[in-house]
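The values are calculated or read from the model by the stated rules, or taken from the named source; none is laboratory data. Computed from a predicted model, the values in this text were never measured in an experiment. Positions of Cβ are backbone-derived with ideal geometry, glycine not excepted, and every protein chain shown enters the neighbour counts.
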Amino acid sequence: MSKLDLDSVFGDQELNFQCPGCGHRFPVKFRELSREGNEVLCPSCRRSIVINHTAETRRGLQQVNKSLQDLERTLKRLGK
């Protein structure tokens, strides 16, 4: 089983952002936001918006990975 990461699950999903400077709403693909310290430019005012990720997000993904590994082991035992 390949390792689950946010890009593989949500990479092509679009999130709607609102620029804190001018209030313009615009879509951004999750893949563009998935790296720490990544910046997005507002297409209206060209303001740079820095995206920060939290440790809770990383811990949550680690828990999902562990659960999937546990499920995989259980399914393999059932198949014997």
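Can you tell me which residues in the stretch 14-40 are at pLDDT 75 or above, of a type in the set (Gly, Ala, Ser) and out of contact with any Lys or Arg (no Cβ under 9 Å at 6 or more places or on another chain)?
The one that is at pLDDT 75 or above, of a type in the set (Gly, Ala, Ser) and out of contact with any Lys or Arg (no Cβ under 9 Å at 6 or more places or on another chain): Gly23.
Quick check: anything in the stretch 41-56 outside any loop (DSSP other than H, G, I, E, B), modelled with pLDDT under 65, under 15 Å from the mean Cα position of the chain (by Cα) and loosely packed, with under 13 Cβ neighbours inside 10 Å? Working first, answer last.
Going through the stretch 41-56, the residues outside any loop (DSSP other than H, G, I, E, B) turn out to be 41, 48-50, 55-56.
Retained after the next criterion (residues that are modelled with pLDDT under 65): 55-56.
Subsequent filtering for residues that are under 15 Å from the mean Cα position of the chain (by Cα) retains 55-56.
Okay, now just the ones that are also loosely packed, with under 13 Cβ neighbours inside 10 Å, so 55-56.
Yes.
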